[in-house]
Structures are given as structure tokens and as C-alpha cells.
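All of the numbers you see were taken from the coordinates with simple rules; none came from a lab. Values in this document were obtained by computation on a predicted structure and should not be read as measured data. Ideal geometry is used to build each Cβ from the backbone, glycine not excepted, and the neighbour counts take in all protein chains shown.
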Amino acid sequence: MKRWGSVMNGCDVWPQEFVNGVYSHAIAQQRWPELGLRDQAAVQLWERCQGFLPPVRPRAELLRVRRSAWFDERCLTQLQAYPCSRFISIGAGLSTRFHRLSQASDWPQFRWWELEGAEGARVKRHCFPVMDNYALIEVSEGQLAAELSALLAADPEPAVVLVEGPAAAMSEAQWQQLTVICEAAHCRVDLVFDCLPRMGRWRARCLSALMLAGLYSQVRFTCSIQLPTPGWQVIQQARLGSRLHSRLLGGWYGVHLRNTRS
């Protein structure tokens with residue numbers, strides 16, 4: 001993997017969620033050592049971009065780091081069994097997961113694709129150097145399904161599709177289409193995502209209040225944690241949120257599914 005570039009022109013406009021994400025990961029080892037997330041790439045990125053970013057007030061987000069630690073653990077488990085796995089990360093924003101997994105491997109053999117919208121792709125191009133086994137593909141909402149289908153069909157190696165926060169990035173129809181594509185692929189596909197459970201009217205009002213208070217990003221729908229179809233098996237369900245999430249919203253879950261073609 002190549003070293004960081006010396007100039008990072010163009011990363012002076014970041015969405016607030018990118019700022020919060022990089023900052024939370026950069027301080028995770030000191031702030032929340034019990035989670036075991038060490039993100040040297042985020043530390044470097046945060047330090048290098050201080051001179052380029054406009055004045056911002058980053059917010060440390062514990063839930064974001066908890067989610068990241070769980071996603072990393074799922075990926076590392078996959079790599080222990082299949083070192084040459086393919087990973088397809090959808091709409092992850094300014095994520096440094098590829099770097100963390102590479103640093104955890106003696107000689108990374110896995111391949112990584114980032115499917116990202118225009119804004120995320122623009123920031124990533126300026127912030128990340130060209131890296132081996134890594135590809136950034138800019139896609140629109142209308143192109144996502146076709147691009148994902150093509151990547152899954154291109155190789156028989158096991159694939160892991162990672163979707164962090166699908167409820168904030170996709171409509172429910174788009175999410176259902178994504179699960180159908182992964183289920184129908186002619187290779188083993190693991191689908192790893194996080195979600196709120198389906199909720200009643202009272203919990204929906206609590207979520208609306210938390211969104212207005214700035215504690216949650218926009219949520220377009222809440223993924224069901226039930227199996228999408230009989231074509232999936234559950235590998236793991238994990239509650240990621242705090243007692244507050246459990247009490248008010250019914251918990252925040254990480255879900256790992258596998259299509260039954262494996």
C-alpha cells in the first residue's frame with residue numbers, strides 16, 4: 001500500500017458527518033480504549049487536514065465507533081477464513097476501514113471496492129492516495145444496482161457487501177433491491193449492515209425528537225432485522241447501542257447475513 005500524498009488540495013469542504021467520523025475514529029483509542037479500535041489512518045488524516053478544513057466543531061460519536069469496531073470484527077473474521085475475499089463497501093463516507101484491515105494483515109490479499117456518491121467520491125479522491133487492491137467507483141443512485149451486480153458477477157470468490165447506515169443513505173425500495181441482488185448472486189455473499197428495528201408510533205416520535213436535537217442523522221426508513229427472504233441465513237445479530245438506544249428506540253443492531261448459495 002502506498003504512502004500518503006504530500007498535498008491534499010480540495011479537502012477543504014467536508015460534510016459534517018465526515019468531520020465527525022474522522023474525528024471520532026482519530027480519538028477512539030484514547031477516548032474509548034475498551035472498544036479496541038485503533039485507527040492510525042484516521043489520526044493521520046485528521047492531523048493533515050487541520051490546515052485545510054474551515055473552522056468546524058467536530059462531535060465525538062460513540063455509537064459510530066461501536067459500529068465501526070463491530071464491522072471491523074466481521075471483516076477480520078471473514079479474512080481469517082478467506083484471505084482473498086472481495087469487499088464492496090457502499091456509501092461509507094470518509095471511512096478508513098480498508099487501511100485498518102490492511103494494517104491488521106501481514107500481507108493483504110483481499111480486494112476492496114468503494115461505491116460512493118459524487119460528494120463522497122470527490123473528498124476521497126483528494127484525501128486518499130492511490131492504493132493497491134483498492135478501487136473507488138463513483139455511482140449515482142440509479143447506477144448503484146447495476147454496478148453492484150457487475151462486481152458480484154465478475155468473480156467467483158466470496159464477497160462481503162458492507163452497508164453502514166443504509167437507512168440514512170437509501171430509500172426502502174433501494175434497500176430491497178440491494179438485498180435481492182446479493183441473494184441472487186452466483187457466489188457466496190455476506191451482507192453486513194446496521195439498523196434500527198421496526199418501531200411503533202411512540203418510538204418513532206422519540207427518534208424524531210432525537211433527530212431534531214441533532215443526535216441522529218436523517219433516517220429515511222428503519223430496516224427490519226428479520227430475514228429479508230428464505231434465501232438468507234443469519235450469521236450474527238449484535239446490539240450495538242447504549243441503554244439509551246435500547247430504552248427509547250428498541251436498540252441499534254448490527255446484522256450479518258449470508259446468502260444460502262454458499
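Listed values, structure above:
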{"quantity": "Mean shadow area of the stretch 110-186, taken as a quarter of the surface of its Cα convex hull (nm²)", "calculated": "5.5"}
{"quantity": "Whole-Hz couplings from phi, Karplus 6.51/-1.76/1.60, listed for the stretch 61-66; x for Gly and Pro", "calculated": "10, 4, 4, 4, 6, 4"}
{"quantity": "Estimated vicinal HN-Hα couplings, Hz - the stretch 171-183 in sequence order (Karplus 6.51, -1.76, 1.60; Gly, Pro = x)", "calculated": "7, 5, 5, 5, 5, 5, 5, 4, 5, 5, 4, 5, 5"}
{"quantity": "Efficiency of FRET between Met131 and Val180 - r from beta-carbon atoms, R0 22 angstrom, step 0.05", "calculated": "0.10"}
{"quantity": "Calculated from backbone phi, Karplus (6.51, -1.76, 1.60) coupling profile of the stretch 158-167 in Hz, x at Gly/Pro", "calculated": "x, 10, 10, 9, 10, 9, 8, x, x, 5"}
{"quantity": "Computed Kirkwood radius, in angstrom, where 1/r is averaged over Cα pairs of the stretch 47-163", "calculated": "15.5"}
{"quantity": "Gain on full stretching of the segment that runs from Ser171 to Glu119 - 0.36 nm per residue minus C-alpha separation", "calculated": "16.9 nm"}
